[in-house]
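To start, the structure itself, in structure tokens.
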Amino acid sequence: MRIDVLTIFPDYLNPLREALLGKAIEQERISVGVHDLRDFTHDVHRSVDDSPYGGGPGMVMKPQVWGEALDAVVGSDERLPRLVVPTPAGRPFTQDTARRWAEEPWLLFGCGRYEGIDQRVIDDAAERMPVEEVSIGDYVLVGGEAAALVMIEAVTRLLPGVLGNPLSAEQDSFSDGLLEGPCYTRPEVWRNHPVPDVLRSGNHAAVDRWRRDQALVRTARRRPDLLRGLPEGTLDAADRRL
Ligand code: ADE
């Protein structure tokens, strides 16, 4: 998968070279290009923003700079990317979004700062390529860079060969619509807290049932909205007894 990021803070994306993502780059499972938006300005101040039409606080990112930058990044390939624009005004990014994007050959993240990017940039790009404006949660960040990092990590770990054990992705929170329950490792007793007996019983059916119950209880307590949203028939009789 090819991933490009357009930003006025290229160094903000340095964590992409770390840990799991760094390894995925090394193994050539992903190639990452980070591009400085200011390279596409033509004035001495390298300005990327201007005051908003209609008045109001804050600044808006200029369409000319974004237009040139997108043309330059997109123009270097005969394919077209899916353009992702992180914004608190976007549709929610979820595990389903990550799964869908993991099938894409090329993602291009356009990170805005200030009040946002002139809407015509998004409308114009949408005439040529798929575009999604997405939010990573109901809070406001200073810019799209941190959100892009979050989304790139969520997508990359789903790519074949990136996680050591592919079952990890399959058994994640959200993979079955529920939050994952608690997990334990050695020692058997730590600061007077024992590991639950059932996990040391060797009874695999009992362990599976216990894990499922823990996931159900945790989801009911922490995210009742997820439980209510489960498709019809997801819960069996044993689940409903809880
Ligand atoms: N930019 C600022 N806030 C954001 C959010 N919550 N999600 C995505 N991009 C953002």
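When the stretch 228-242 is examined, which residues are found to be touching a residue at least 24 places away in the same chain (Cβ under 8 Å) and closer than 19 Å to residue 174 by Cβ?
To start, the set of residues in the stretch 228-242 that are touching a residue at least 24 places away in the same chain (Cβ under 8 Å) comprises 229-231, 234, 238-239, 242.
Hits for the stretch 228-242 are 229, 230, 231, 234, 239.
Applying the selection to the stretch 118-171, what residues are away from the ligand (no atom under 16 Å from the Cβ), within 29 Å of residue 71 (Cα to Cα), in a helix (DSSP H, G or I) and of a type outside the set (A, V, I, L, M)?
120, 123, 124, 156 - these are the residues of the stretch 118-171 that are away from the ligand (no atom under 16 Å from the Cβ), within 29 Å of residue 71 (Cα to Cα), in a helix (DSSP H, G or I) and of a type outside the set (A, V, I, L, M).
Please state which one of 4, 49, 77 is surrounded by fewer than 17 Cβ atoms within 10 Å (Cβ to Cβ), in contact (Cβ under 8 Å) with a residue 12 or more places away in the chain and farther than 25 Å from residue 174 by Cα. Quick ask: steps written out before the conclusion?
Working: 4 fails: surrounded by fewer than 17 Cβ atoms within 10 Å (Cβ to Cβ); 49 fails: surrounded by fewer than 17 Cβ atoms within 10 Å (Cβ to Cβ).
Sole residue among the options that is surrounded by fewer than 17 Cβ atoms within 10 Å (Cβ to Cβ), in contact (Cβ under 8 Å) with a residue 12 or more places away in the chain and farther than 25 Å from residue 174 by Cα: 77.
For the stretch 175-195, how many residues meet the condition of being surrounded by 13 or more Cβ atoms within 10 Å (Cβ to Cβ) and more than 12 Å from residue 216 (Cα to Cα)? Walk me through it before giving the result.
We begin by selecting, within the stretch 175-195, every residue surrounded by 13 or more Cβ atoms within 10 Å (Cβ to Cβ); these are 175-181, 184, 195.
Imposing the further condition that a residue be more than 12 Å from residue 216 (Cα to Cα) reduces the set to 175, 184, 195.
Matching residues across the stretch 175-195 total 3.
Can you name every residue in the stretch 31-64 that is of a type in the set (A, V, I, L, M) and under 18 Å from residue 12 (Cβ atoms)? Outline the logic, then answer.
Narrowing the stretch 31-64 to residues of a type in the set (A, V, I, L, M): 32, 34, 37, 44, 48, 59-61.
The answer is 32, 34, 37, 48, 61.
Among the residues in the stretch 228-242, are any assigned to a helix (DSSP H, G or I), under 19 Å from residue 95 (Cβ atoms) and not assigned by TED's automatic domain parsing to the domain that holds residue 96? Break it down stepwise before answering.
Of all residues in the stretch 228-242, those assigned to a helix (DSSP H, G or I) come to 228, 237-240.
The next check asks that each one be under 19 Å from residue 95 (Cβ atoms); those that pass are 228.
If we keep only those that are not assigned by TED's automatic domain parsing to the domain that holds residue 96 as well, we get 228.
Yes, the stretch 228-242 contains at least one residue that is assigned to a helix (DSSP H, G or I), under 19 Å from residue 95 (Cβ atoms) and not assigned by TED's automatic domain parsing to the domain that holds residue 96.
Would you pick out the residues in the stretch 118-154 that are within 18 Å of the chain's Cα centre (by Cα) and in contact (Cβ under 8 Å) with a residue 60 or more places away in the chain? Break it down into steps so the answer makes sense when it comes.
Narrowing the stretch 118-154 to residues within 18 Å of the chain's Cα centre (by Cα): 130-154.
Of everything in the stretch 118-154, those that are within 18 Å of the chain's Cα centre (by Cα) and in contact (Cβ under 8 Å) with a residue 60 or more places away in the chain turn out to be 143, 144, 145, 146, 147, 148, 149, 151, 152, 153, 154.
Confirm whether residue 176 is more than 16 Å from the ligand (Cβ to nearest atom), at pLDDT below 95 and of a type in the set (D, E, K, R).
Values: more than 16 Å from the ligand (Cβ to nearest atom): yes; at pLDDT below 95: yes; of a type in the set (D, E, K, R): yes.
Criteria met by residue 176.
Please enumerate the residues belonging to the stretch 52-74 that are free of Cβ contacts under 8 Å to residues at least 24 places away in the same chain and either of a type outside the set (Gly, Ala, Ser) or in contact with a Leu (Cβ under 7 Å, 6 or more places away or on another chain) (or both).
Correct list: 53, 64, 71.
The values are calculated or read from the model by the stated rules, or taken from the named source; none is laboratory data. Note that this is a predicted model, so its numbers are computed, not measured. When we count neighbours, we look across all protein chains shown, and the Cβ atoms used for this are built from the backbone with ideal geometry, even at glycine.
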